[in-house]
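Here's the structure, in structure tokens; my notes come after.
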Amino acid sequence: MIESFLQYEFLQNAAITGILIGIVAPLLGVFIVVRRLSLIADALSHITLTGIAASLLIEKRVTTVNEWNPIYMGMAFSVFGAILIERLRKVYKHYEELAIPIILSGGIGVGVILISLADGFNTDLFSYLFGSVTAVSRDSMWTVLVITSIVILIVILFYKELFVLSFDEEHASVSGVNGRWIHLLFIVMVALVIASSMQVVGILLVSALMTLPVASAIRIAKSFKQTIGLSIAFGETSVLIGLISSYHLSVPPGGTIVVSAILILIMSILYKRVRAQQWIKGEA
Amino acid sequence: MENRTIVKLENVSFKYDREWVVQDVNLDIQSGQFLGLVGPNGSGKSTLIKLMLGLVKPDHGSIHLFGQTLKNYQDWQEIGFVSQKANSFNSGFPATVIEVVKTGLVSRIGAFKFFNKKHKEKALEALRVVEMEEYAYSNIGELSGGQQQRVFIARALVSDPSLLILDEPTVGVDAKHVTEFYDLLGKLNQEQGITLLMVTHDIGTITEHATHVICMNKTVHFHGASEEYKEFSEEDLNQLYGHSVQQLTHNHTHHEVNHND
């Protein structure tokens, strides 16, 4: 494993990208989960697919463009989708969650048409849907590194604003926090992280890496900081176990990463249950 | 303490859709007072609070906080707010009591700066005032309704506000703790000189504790000392509420009130 890691550039790319998104996806995931926005990650990943499809089509039809990295178009669509969701949430004030199925199905609908036009139903598409250990280019890895650094920096700088906004929007407003801007900044970060994670985890499973580690962490953690720490630890563990088993079993990493995350989730639920029983026994 | 106007509303009106909820309100709140804001259901009490805090924008009129127009107002640490919604927050939220209290310092700290040890000390101090210090590292969701309410007051107090606004803070708090709660408010008002504005349904109890009462139904019908409000005739009240209200007999337990007029 280590030998092949040193030998093959594609393995280095996948591993480094995986480690980076293992930090940043659960980090944003904590805020997504506590704000009850879990499904937004799904909507944004599906519109990322539309971007990938658009990129494949352009590459195919416009001969002057070759070897265009689809990740950039994916990011652009994802950010556009994020802004659109915010708009739609204002249009349907009383049915804010409607924005999610609109964007999700719209993204897939347009995506399927574009993929067909590009004759794109092939292995390339498969790796975008479920992730791949071989498809991450050096170029993409650098892009993910830049995005990860920016996101971590922004979360550190705006930690207290993000926290107060997640806990109590009204209080945030009375504290002079500009909720609209912070929220927009946040959702754009989510869009970028989703597009970054797509190559390793796959579009269909990206949201799992943002939510499952957090679902495990909130069973155990007492404080918010602990929740963040545990989420990242669980996310990173899932990514590493997932990538290694994906390589050995020759299955897409999206599957193995998500299965690892689910095993951690089951363990955390059991752990909590055992703890609760011990506590009851201790009381008696 | 010198008296000054800290909140001033002039001809303030606000409508939801097409219905006027707050109409032509003129109000002058002086520092050092403990005001009870009462009125029937749907009389616009909570909306009036939201207007003062800039959470909703008035359709007419102007609002000044500490002598500045609401639009230019920046010193949010001067105002502590305990909302009606405070006890209906997501109780599964993974945060400790002290993390929640520290959010009360966000406006004081300002952008691009971090929480430090001094802020932790301030938060513990605020928890001491509401007698919740021992729960500092408990999960907020594990506390009882009354305890959570105290935590939210600590969050409002941590920035050393000179005005504390409470919107029906005793809803969901059991009767036994309501008395303790009023004692705490009395202490904040008299010992720390914090101006209090409290929305409540409980006319009987508030007139016992507050120095002043504002009674509104879309517009302000009465604003004056609690003693005067008690003289306010039953007939006037019935007219205001649109139905008969049981005047609560006031069992006068003597307490000192800080009359500044």
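What percent do you get for the relative contact order of chain A when only Cα pairs under 8 Å and 6+ apart count?
RCO, chain A: 29 percent.
Search the structure for amide H atoms under 5 Å from the amide H of B:K15, placed 1.01 Å from N in the peptide plane, and list their residues when 5 or more places away or on another chain.
HN-HN under 5 Å from B:K15: B:V21, B:D59.
For a quick protection proxy, order the peptides A:257-263, A:156-162 by their average other-Cβ count within 10 Å, most packed first.
The peptides rank, most packed first, as A:257-263, A:156-162.
Please list 3J(HN,Hα) in residue order for the stretch A:124-134, calculated via the Karplus relation 6.51 cos²θ - 1.76 cosθ + 1.60 where θ = phi - 60°; whole Hz, with x for glycine and proline.
4, 4, 4, 6, 6, 6, 10, x, 7, 8, 10
Counting only other chains, and only Cβ atoms inside 10 Å, what mean value do you get across the residues of B:143-151?
That average works out to 0.
For B:L166, what residues show an amide H to amide H distance below 5 Å, using hydrogens built from the backbone and excluding near sequence neighbours?
Those lying under 5 Å, H to H, from B:L166 are B:V82, B:L197, B:M198, B:V199.
Exposure proxy check: B:H119, B:H64 ranked by fewest other beta carbons within 10 Å?
Arranged by neighbour count, lowest to highest, B:H119, B:H64 become B:H64, B:H119.
Once R0 is set to 41 Å, what does the formula 1/(1 + (r/R0)^6) return for the Cβ-Cβ distance between A:I269 and B:H60, expressed as a FRET efficiency to the nearest 0.05?
0.15
Given H placed on each backbone N at 1.01 Å, which residues far from B:G32 in sequence or on other chains put an amide H within less than 5 Å of it?
Hits under the 5 Å cutoff: B:T195.
By how many degrees, between 0 and 90 and to the nearest 10, does the Cα long axis of helix B:145-157 differ from the longest principal axis of chain B?
80
Efficiency by 1/(1 + (r/R0)^6): what FRET value for A:I154 and A:F80, r their Cβ-Cβ distance, R0 = 25 Å, to the nearest 0.05?
For R0 = 25 Å, the calculated efficiency reads 0.80.
Can you tell me the dipole magnitude for the protein assembly as shown around its Cα centre, using point charges on the Cβ only (Lys, Arg +1; Asp, Glu -1), in Debye to the nearest 20?
For the protein assembly as shown, the charge dipole is close to 1600 debye.
Pairs of alpha-carbon atoms within less than 8 angstrom and 6+ residues apart define the contacts here; what relative contact order does the stretch B:5-241 have, in percent?
Averaging sequence separation for qualifying contacts and normalising by length gives 28 percent for the stretch B:5-241.
Name the residue farthest towards the positive end of the dipole of the protein assembly as shown from the options B:Y182, A:L165, A:G81, assuming +1 on Cβ of Lys and Arg, -1 on Cβ of Asp and Glu, about the Cα centre.
Looking along the dipole axis, the top candidate is A:G81.
Rank A:L212, A:Q226, A:L129 by how far each Cα sits towards the positive end of the charge dipole of the stretch A:101-251 (+1 on Lys, Arg Cβ; -1 on Asp, Glu Cβ) and give me just the farthest.
A:Q226
Give me the dipole magnitude in Debye, nearest 20, for chain A about the Cα centre, with unit charges on the beta carbon: positive for Lys and Arg, negative for Asp and Glu.
Details: 18 positive and 17 negative charges, 175 e Å.
Here chain A has a charge dipole of around 840 debye.
Would any residue of the stretch A:194-221 have its amide N under 14 Å from a label point 7 Å out along Cα→Cβ of B:N90? List them or say none.
A:211-212, A:214-219, by backbone N distance to the label point.
Given points 7 Å out from each Cα along the Cα-Cβ axis, report the A:R138 to A:K60 separation in nanometres with one decimal.
With each label placed 7 Å out from Cα toward Cβ, I get 3.0 nm.
Order these peptides, B:150-156, A:71-77, by their mean beta-carbon neighbour count within 10 angstrom, highest first.
So the peptides B:150-156, A:71-77, ranked by packing, come out B:150-156, A:71-77.
Nearest 5 percent is fine: what portion of the DSSP beta bridges confined to the stretch B:5-241 is antiparallel?
Within the stretch B:5-241, antiparallel bridges account for around 55 percent of the total.
Which distance in nm do the two modelled labels at A:R87 and A:A276 give, with both placed 7 Å along the Cα-to-Cβ direction?
4.5
Each residue of the stretch A:155-161 in order: what ³J(HN,Hα) in whole Hz does its phi give by Karplus 6.51 cos²θ - 1.76 cosθ + 1.60, θ = phi - 60°, with x for Gly and Pro?
For the stretch A:155-161, the Karplus curve yields 5, 5, 5, 10, 3, 5, 5 Hz.
What list of ³J(HN,Hα) couplings, whole Hz, do you get for the stretch A:275-280 from phi and the Karplus terms 6.51, -1.76, 1.60, once you set θ to phi - 60° and write x for glycine and proline?
Once θ is set to phi - 60°, the couplings for the stretch A:275-280 become 4, 4, 5, 4, 5, 5 Hz.
What size of dipole, in debye to the nearest 20, comes out for the stretch B:5-241 about its Cα centre when the only charges are +1 on Lys and Arg C-beta atoms and -1 on Asp and Glu C-beta atoms?
1200
Where a ≥ b ≥ c are the square roots of the eigenvalues of the C-alpha gyration tensor, would you call chain A rounded, which needs a/c under 1.5, or, failing that, prolate if a/b is larger than b/c, or oblate? Before the final figure, lay out each step's value.
Working: a/c = 1.88, a/b = 1.22, b/c = 1.54.
Oblate.
Rank by packing, highest mean first: peptides B:183-195, A:13-25, A:50-62, with packing defined as the count of other Cβ atoms within 10 Å averaged across residues.
Values: B:183-195: 16.8, A:13-25: 24.4, A:50-62: 20.2.
Top of the packing list down: A:13-25, A:50-62, B:183-195.
Please average, across the residues of A:153-163, the number of beta carbons from any other chain that are within 10 Å of each residue's own beta carbon, and give a whole number. Write down the numbers at each step before the final one.
Details: counts 0, 0, 0, 1, 4, 2, 2, 11, 4, 0, 7.
What the average comes to for A:153-163 is 3.
Work from the charge dipole of the protein assembly as shown (Cβ charges, +1 for Lys and Arg, -1 for Asp and Glu, about the Cα centre) and give the residue of B:V173, B:I206, A:V239 farthest towards its positive end.
A:V239
Give me the percent of DSSP beta bridges within the protein assembly as shown that run antiparallel, rounded to the nearest 5.
Numbers: 22 of 39 bridges.
Of all bridge pairs located within the protein assembly as shown, approximately 55 percent are antiparallel.
Provide the net charge surrounding B:S159, with neighbours chosen by a C-beta distance below 12 Å and charges set as Lys +1, Arg +1, Asp -1, Glu -1. Don't skip to the answer; put the middle values down first.
Numbers: positive: B:K102, B:R108, B:K122, B:R155; negative: B:D75, B:E78, B:E125, B:D160.
Neighbourhood net charge equals 0.
Please state the relative contact order of the stretch A:1-160 as a whole percent: Cα pairs under 8 Å, 6+ residues apart?
Reported as a whole number, the value is 35 percent.
Every number in this text was worked out from the coordinates using simple rules, so none of it is lab data. For clarity, every value in this text was computed on a predicted model and none was experimentally measured. Virtual Cβ from ideal backbone geometry, glycine too; neighbours counted across all protein chains shown.
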